[in-house]
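The structure under discussion appears below in the form of structure tokens.
The values are calculated or read from the model by the stated rules, or taken from the named source; none is laboratory data. Quick caveat: nothing in here was measured; it's all calculated off a predicted structure. Methodologically, a virtual Cβ is constructed for each residue, glycine included, from the backbone with ideal geometry; neighbour enumeration extends over all protein chains shown.
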Amino acid sequence: MKHRVRFSGHLIFIGFGSITRATLPLLLRQDHVPVNQITVIAPVIEKNIWFKERGICFVRKALTEHTFTQTLDRFIKPGDFIVNLSVEVSSLALMTYAFGKGALYLDTCIEPWAGGYDDPSLDLSHRTNYALRYQMLGLRKKLGHGPTAVVAHGANPGLITHLLKAGLVELAVQLNHRLPQNREGVDWARLCMETGIKVIHFAERDTQRSSRLKQDDEFVNTWSVEGLISEGHQPAELGWGTHERTWPTSARRHRFGSRNAIYLERPSATVPVKTWTPLGGPCLGLMITHHETASTADLLTLKDQQKLIYRPTLHYAYHPCNDALLSIHELIGRDWQSQQQQRILNGEIDSIGADALGVLLMGHELNAYWFGSVLTIDEARALLPFNNATSLQVAAGVLSGIVWAVENPDRGIVEPEHMDYERVLEVARPYLGTLVGKQTDWRPTGAVHTCSLDGAADDWQFEHFTRF
Ligand code: NAD
């Protein structure tokens with residue numbers, strides 16, 4: 001993989017959690033990044049000897065709404081790069097700050113200040129990722145051109161959008177569909193419609209586990225516990241397909257923005273949904289809410305003037321590692337009172353398991369097609385220290401987003417949908433294990449695939465994915 005531009009500024013990481021720890025060793029491998037110019041700012045700094053020995057500086061400090069500019073002013077100059085991998089630090093505030101300073105920026109989700117996800121003064125519609133994204137789009141309009149700020153660019157959100165485009169192209173080729181030579185010329189919504197796709201899951205299954213089992217009153221996960229609890233407690237969200245005939249119970253429309261996505265009046269971690277990945281086939285995932293639900297709903301909506309022509313139903317379907325599922329179960333049972341203990345699995349993961357993260361494209365002539373990354377824990381460990389399979393997929397998204405921003409430094413606020421997917425995947429590819437494209441006859445009704453597509457069209461109704 002070639003980096004086209006050498007970065008000479010200062011890289012400031014906010015947060016020193018599982019993803020910063022996973023990303024730093026990856027960055028240190030890139031010979032074009034000046035190691036002695038990396039600083040980490042976080043309120044808690046532990047087990048950092050390996051990183052200090054390699055020249056990384058640490059500042060023990062929490063960024064807060066009222067003091068973050070003073071803290072950052074000590075470090076940030078024009079041309080520097082802020083990488084926000086924290087929880088409870090506002091992405092919009094940091095983006096605005098970076099813009100004013102002439103610095104580049106990247107985050108892996110749109111994070112509000114502490115309490116923002118659960119703010120009791122907000123109605124449910126305003127607690128969604130759709131609403132957070134709407135604020136970001138407003139800021140993008142206000143700021144206009146300027147230093148690049150890549151938003152929501154980890155694995156998912158992030159790489160999943162690039163995998164979606166690559167998967168659509170793979171499927172189109174298998175269906176003998178003609179594609180423009182230059183992929184920038186692809187109309188993704190039209191391609192999606194013409195390939196006959198009705199439903200898309202961002203389908204992830206994590207089979208990593210430790211022989212040290214989850215204890216009572218403990219939340220275990222392979223990445224941020226706080227991050228998973230926050231998004232699991234937000235309302236479930238989905239892009240609502242034009243083929244749907246039955247309005248889901250508790251579904252609501254937003255009263256602002258593009259209205260390409262809807263939400264359910266239920267915490268997203270309480271919505272089970274049948275899905276499929278190449279790791280073990282069918283499984284029951286959770287419809288955890290994510291930024292990409294709203295951003296790809298915009299990408300894949302086709303309109304003629306104002307008239308809606310086509311949109312697939314789309315959302316995240318996540319089977320986290322078994323102990324995370326048990327942790328969510330326990331958390332919901334205790335009415336969302338957080339467990340006393342948290343544990344992010346890493347070195348203790350048994351030499352077994354993997355993370356499969358990809359897109360499941362459904363309802364076309366080949367029935368269903370999964371495309372994405374299958375990375376085993378052993379592969380992740382062999383590549384880099386401080387990583388499990390999940391964190392390395394995220395770190396690959398962070399690295400490729402940083403490289404893309406450095407190569408395209410004046411694009412203002414950018415979502416994954418507006419980046420060059422081939423370039424991003426080229427950078428991320430060495431860290432994604434096996435890229436799998438797999439056809440499957442699975443469908444949520446359990447019916448075996450027959451040639452009669454028309455008769456089976458109803459199999460792809462949303463209600464079938466949530467009926468047990
Ligand atoms: P983590 O919980 O392991 O770490 C969070 C870090 O934020 C900690 O170091 C904590 O000390 C720090 N922090 C908390 N309050 C802070 C403050 N006020 N100022 C500065 N730092 C503060 O989380 P993680 O697993 O490393 O994830 C980091 C972020 O990335 C989260 O927002 C998470 O949701 C997101 N994420 C995105 C993806 C993706 O694929 N897009 C995947 C995993 C995680």
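Residues that are under 30 Å from Gly372 (Cβ atoms) and of a type in the set (Ser, Thr, Tyr) were ranked within the stretch 110-156; the one that is nearest to the ligand (Cβ to nearest atom) is Tyr117.
Gln70 meets the conditions (1) more than 14 Å from the ligand (Cβ to nearest atom); (2) over 25 Å from the mean Cα position of the chain (by Cα); (3) exposed (fewer than 14 other Cβ atoms within 10 Å of the Cβ) in every case but one. The failed one is (1).
When Glu426 is tested against (1) out of contact with any His (no Cβ under 9 Å at 6 or more places or on another chain); (2) farther than 19 Å from Gly280 by Cα; (3) assigned to a strand (DSSP E or B), just one condition goes unmet, and that condition is (3).
Step by step: first the residues of the stretch 184-205, then only those that are in a loop (DSSP other than H, G, I, E, B) and either out of contact with any Leu (no Cβ under 6 Å at 6 or more places or on another chain) or basic (Lys, Arg) (or both), then the one that is surrounded by the fewest Cβ atoms within 10 Å (Cβ to Cβ). Which residue is that? For the stretch 184-205, the residue satisfying everything is Asp187.
Just one of Pro248, Pro282 is surrounded by fewer than 17 Cβ atoms within 10 Å (Cβ to Cβ), under 18 Å from Thr445 (Cα atoms) and not small (Gly, Ala, Ser); which is it?
Step by step, each of Pro248, Pro282 is checked, and only Pro282 is surrounded by fewer than 17 Cβ atoms within 10 Å (Cβ to Cβ), under 18 Å from Thr445 (Cα atoms) and not small (Gly, Ala, Ser).
Which residues, counting only those in the stretch 131-151, are without any contact (Cβ under 8 Å) to a residue 40 or more places away in the chain and within 17 Å of Ala294 (Cβ to Cβ)? Answer for the stretch 131-151, where residues must be without any contact (Cβ under 8 Å) to a residue 40 or more places away in the chain and within 17 Å of Ala294 (Cβ to Cβ): Gly138, Lys141. Strands (runs of 3 or more DSSP E) wholly in the stretch 238-298 with at least 1 residues that are under 19 Å from Met362 (Cα atoms) - which ones? Where strands (runs of 3 or more DSSP E) fall fully within the stretch 238-298 and carry at least 1 residues being under 19 Å from Met362 (Cα atoms), they are 261-267, 272-277, 281-286.
Of the strands (runs of 3 or more DSSP E) lying entirely inside the stretch 51-130, those containing at least 1 residues that are of a type outside the set (D, E, K, R), touching a residue at least 60 places away in the same chain (Cβ under 8 Å) and under 24 Å from Gly227 (Cα atoms) are 81-84, 104-107. In a loop (DSSP other than H, G, I, E, B), closer than 22 Å to Gly412 by Cα and either in contact with a Lys or Arg (Cβ under 6 Å, 6 or more places away or on another chain) or not small (Gly, Ala, Ser) (or both) - does that describe any residue in the stretch 155-176? Yes, there is a match, as at least one residue in the stretch 155-176 is in a loop (DSSP other than H, G, I, E, B), closer than 22 Å to Gly412 by Cα and either in contact with a Lys or Arg (Cβ under 6 Å, 6 or more places away or on another chain) or not small (Gly, Ala, Ser) (or both). Take the conditions at pLDDT 95 or above, within 24 Å of Arg259 (Cα to Cα), outside the structural domain of Arg205 (by TED's automatic domain parsing) and not aliphatic (A, V, I, L, M) and apply them to Arg190. Does it pass? Answer is no for this residue.
Kindly provide the set of residues from the stretch 290-311 that are touching a residue at least 12 places away in the same chain (Cβ under 8 Å) and among the basic types (Lys, Arg), ordered by number.
Step one: list which residues in the stretch 290-311 are touching a residue at least 12 places away in the same chain (Cβ under 8 Å), which gives 290-302, 308-311.
Scanning the stretch 290-311 gives a single hit, Arg311.
The condition of being surrounded by 23 or more Cβ atoms within 10 Å (Cβ to Cβ) and aliphatic (A, V, I, L, M) does not hold for Val87.
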